[in-house]
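The values are calculated or read from the model by the stated rules, or taken from the named source; none is laboratory data. Quick caveat, the model's predicted, so the values are computed rather than measured. Every residue, glycine as well, gets a Cβ built from its backbone with ideal geometry; the counts of neighbours run over all protein chains shown.
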Amino acid sequence: MVLVYTDKITNRIKYTFNLFLGELLKVRFDITCDKDLFGNYDGVKFSYSRLPVGNELYFQSVDLLLERGIANYKFTFGEHEGLPVFFLVNHKQSALPFDPFAAGFYLVSRYEEYLPYRKDEHGRFSATESIAYQKNFLQKPMVNIWALTVGKLLKQKFEGFEFPGTTYTFVPTIDIDAAWAYLHKGFARTLGGLVSDILNLDFHEFSNRLKVTTGMVQDPFETYQFQLEIHRKYNLHPIYFILFANYGQNDKNIPVRNRKFQTLIKLLADYADVGIHPSYNSNSSFIRLKDEVSRLSKVLNREVTKSRQHFLKLQLPVTYRNLTNLDITDDFTMGFAAQPGFRAGICTSFNFFDLDMDAEAALRVHPFALMDGTLCDYMNVKASEAMKHISPLVREIKAVGGTFISLWHNESLSDDKRWFGWRQVYQKMIEEALP
């Protein structure tokens, strides 16, 4: 067991050391502020405080984990082992020139998202607002790296100490924003689409829509058989997130009462986990969110416990509080729309810490590293160049024993229009991401 001495035991202290030691290093630990108990302990130990107790392994602390409330920190950045670090310390006995625990908590708690920031067109916290992007470490799982650094220092100090750490895993996830491109949308929407095609002189689209709706060709978004086959081939268990909402400007899936749509959802649930994809409009309406979760639960005939926000609309802490109030236990929204990488600086799931409440919440956050639309739409990456962006992320995650969560859509597997060639990218990504 590892014993940690600290000047004061706070909720932030307990949360952070459980994350670093319990969850990432997988070792048993205890925390004390009793100097005599710490001094007499002859096992693996270190101190985390303003000043060392003696000549022990010592990490100098800053004030962040001892505080409550939120302050606007002005960081001075340094470098350690070729990577940027912050919350710098200067005690000559400190094992590191920065406070890894405070820095890790700052990233994982999404502290900066509680501060004033410039929102994007959808009211989101943008990648460019984050210190990870600004200091060029967004593509590095810094919290995992720092935890392993702590583990290695303990191993060097204490002969025989071993830490199991986490094991690399791969979880493919697929969002269904539009189950079909043309089918099952209802007479009014179908007719409106045909009229719009004519008015826009888009006769190619008119022809495609007509051929699909009359049964001459398959709907391009109906890629479910391919998904089933490829996931079975590689023995993968995907997670689907279904937009199951009333029609809106940014919520344009199939009508929720459509039987074909409901049958599809049940078929997907036969071989995969299915969660809710809360609508764009539900982000500002708890009643709408509750209705969507309830409807999907009735179709599945089981509780819905997983979610990912449509458009990745995440307002902390309100979004996560709303989810926990509906007994959602696992959320997969933590990532940026416009940049790949690690929004929370970590590639392992973690419990959400509500800074306003100063408490750990009953919600597990599963960060994703990559979205198809990030590469294709935001970064204008061609399918032939996609693996140059995907492979480095996979290598980073494998190196720290993290979890690679990919975010794809049924339509991006269509090999149609702007998605031509991306079905092959998906297969290449899977082959690279396998353990």
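Being over 15 Å from M1 (Cβ atoms) and buried (at least 19 other Cβ atoms within 10 Å of the Cβ) is the filter here; which residues of the stretch 37-48 pass it?
Passing the criteria: S47, Y48.
Scan the stretch 9-29 and give yes if some residue there is of a type in the set (S, T, N, Q), over 25 Å from T166 (Cβ atoms) and touching a strand residue (DSSP E or B) at 6+ places or on another chain (Cβ under 7 Å), otherwise no.
No: the stretch 9-29 contains no residue that is of a type in the set (S, T, N, Q), over 25 Å from T166 (Cβ atoms) and touching a strand residue (DSSP E or B) at 6+ places or on another chain (Cβ under 7 Å).
Just to be sure before I move on: is K260 more than 15 Å from D175 (Cβ to Cβ), in contact (Cβ under 8 Å) with a residue 24 or more places away in the chain and out of contact with any His (no Cβ under 7 Å at 6 or more places or on another chain) in the structure I sent?
Considered against the rule, which asks whether it is more than 15 Å from D175 (Cβ to Cβ), in contact (Cβ under 8 Å) with a residue 24 or more places away in the chain and out of contact with any His (no Cβ under 7 Å at 6 or more places or on another chain), K260 comes out as no.
Which ranges mark the helices (runs of 4 or more DSSP H) fully within the stretch 316-434 that have 3 or more residues being of a type in the set (V, I, T)?
Values: elements: 318-325, 387-399, 422-433.
The qualifying helices (runs of 4 or more DSSP H) are 318-325, 387-399.
Would you mind finding the one in R295, R302, R308 that is crowded, with 23+ Cβ neighbours inside 10 Å, of a type outside the set (S, T, N, Q) and either within 15 Å of V274 (Cβ to Cβ) or at pLDDT below 95 (or both)?
R308
In the stretch 58-86, what residues are surrounded by 18 or more Cβ atoms within 10 Å (Cβ to Cβ) and either over 27 Å from the mean Cα position of the chain (by Cα) or among the hydroxyl-bearing types (S, T, Y) (or both)?
Of the residues in the stretch 58-86, the ones surrounded by 18 or more Cβ atoms within 10 Å (Cβ to Cβ) are 58-62, 64-65, 84-86.
The answer is Y58, F59, Q60, S61, V62.
T214 is checked against (1) at pLDDT below 90; (2) within 24 Å of the chain's Cα centre (by Cα); (3) of a type outside the set (A, V, I, L, M, F, W, C) and fails just one. What number does that condition carry?
Here T214 meets the rest and fails (2).
Run G43 past the list (1) under 20 Å from S109 (Cβ atoms); (2) in contact (Cβ under 8 Å) with a residue 40 or more places away in the chain; (3) out of contact with any Phe, Trp or Tyr (no Cβ under 7 Å at 6 or more places or on another chain); (4) not charged (D, E, K, R) and report the number of the one that doesn't hold.
(1)
Quick one: count up the residues across the stretch 258-270 that are out of contact with any helix residue (DSSP H, G or I) (no Cβ under 6 Å at 6 or more places or on another chain) and either on the phi > 0 side of the Ramachandran plot or surrounded by 14 or more Cβ atoms within 10 Å (Cβ to Cβ) (or both).
Adding up the residues that qualify gives 4.
Is it the case that the stretch 322-336 has a residue that's surrounded by fewer than 22 Cβ atoms within 10 Å (Cβ to Cβ), among the acidic types (D, E) and touching a residue at least 12 places away in the same chain (Cβ under 8 Å)?
Filtering the stretch 322-336 down to residues surrounded by fewer than 22 Cβ atoms within 10 Å (Cβ to Cβ) leaves 322, 324-327, 329-330.
Filter once more, keeping what is among the acidic types (D, E): 327, 330.
The next check asks that each one be touching a residue at least 12 places away in the same chain (Cβ under 8 Å); those that pass are 327, 330.
Checked the stretch 322-336: at least one residue is surrounded by fewer than 22 Cβ atoms within 10 Å (Cβ to Cβ), among the acidic types (D, E) and touching a residue at least 12 places away in the same chain (Cβ under 8 Å).
Scan the stretch 286-324 for residues that are more than 18 Å from the chain's Cα centre (by Cα), closer than 18 Å to A245 by Cβ and not hydrophobic (A, V, I, L, M, F, W, C) and jot them down.
Within the stretch 286-324, R288, K290, D291, E292, S294, R295, S297, K298 qualify.
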